[in-house]
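One structure is given below, encoded as C-alpha cells.
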Amino acid sequence: MGSSMTTKKCTVCSLPNTDKTLSYCYQGVEHYFCSPLCQNRFKTHPHLYVGDPQHGLAPKQKGDVLIKKRRIRLLSVISNDARARLITAITKLMGVQDISIEGDEVLVVYDLMKIALEDIEAVIVKSVGQLDEAVTEKIKRGFIHYSEECELDNLAHLTKDSGSY
C-alpha cells in the first residue's frame, strides 16, 4: 500500500494513473496529476480545467482542444541518432500529436490545453542542444510564448459562456 500511484485521472491530461505526491488542493477539492508539468499547468490556469456552478464547465471539461502547428529552428542540422532521440522525447510529451524534422527545423503539432511551445522547446534543448539563437528567431519564439499565454489566460477567465468568443 506504499505506492505513490493511484487510479484517479490527471486533471490536465486525463491519464488514468496519477502520482499521489503530485496533488494540489483547489477550492477545497484535491486534484491529482501525472507529472510536475501537468501540476504546474493546472496551478497557472486552474479554470481551464475546473468549472464552477455559476459559470458552467471549463474548456477542458467541455472537451475543447487548441491545436497549434509550430516550426522550431535548431542551431544546425542534427545527426540521425540525435533526430531519433528528439522524436522519441517529444512524442512522449502529453498533447503532442505529430512531429517531423526537416533539415534544421522541427515541425510539431500539439494541443495547447496540454502543453505549450515553451515546454516543447525545453525538451529540444535537453535532448539535442541549442535552438537557433538568431535575434529574429528569439523574437519569434518570445512572441509565440506570449500569445499562447494570453490565449490561455483569456480562456481561463470564467464567463457564462466560458471559452467562446
Query raised in the report: Which of the following values of semi-axes √(5λ) of the Cα gyration tensor in Å was calculated from the structure shown: (1) 27, 23, 14; (2) 31, 17, 14; (3) 31, 21, 12?
Result: (3)
**Report entry** Gain in span if fully extended, Thr21 to Thr136, counting 0.36 nm per residue against the direct Cα distance
**Finding:** 37.3 nm
**Report entry** Most mobile listed residue (Glu30, Glu151, Glu137) in the chain, GNM with C-alpha springs under 10 Å
**Finding:** Glu30
Query raised in the report: With the contact rule set at Cα under 8 Å and sequence spacing of 6 or more, what percent relative contact order holds for the chain?
Result: 21 percent
Query raised in the report: Based only on the alpha carbon positions, what is the Kirkwood hydrodynamic radius of segment 1-63, in angstrom?
Result: 11.9 Å
Query raised in the report: From the residues Ile72, Gln130, Ala82, which one has its Cα farthest along the dipole of segment 67-156 in the positive direction, the dipole being from +1 and -1 charges on Cβ of Lys/Arg and Asp/Glu about the Cα centre?
Result: Ala82
Query raised in the report: Between exposed trypsin sites (Lys or Arg not before Pro) in the chain, where DSSP calls loop and at most 13 other Cβ atoms lie within 10 Å, what's the longest gap?
Result: 93-159
Query raised in the report: Length gain on complete extension for the stretch Glu118 to Glu151, per 0.36 nm per residue less the alpha carbon to alpha carbon distance?
Result: 10.5 nm
**Report entry** Sites Gln61 and Arg85 - FRET efficiency at Förster radius 35 Å, r taken between beta-carbons, to 0.05
**Finding:** 0.45
Query raised in the report: Lysine pairs, Cα distance under 12 Å, 8 or more residues apart or cross-chain: how many in segment 1-123?
Result: 4
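None of the figures in this text is laboratory data; all of them are computed from the coordinates on show. Remember, it's a predicted structure, so these values are computed and weren't measured experimentally. Don't worry about glycine lacking a Cβ; one is built from the backbone with ideal geometry, like all the others, and counts go over all protein chains shown.
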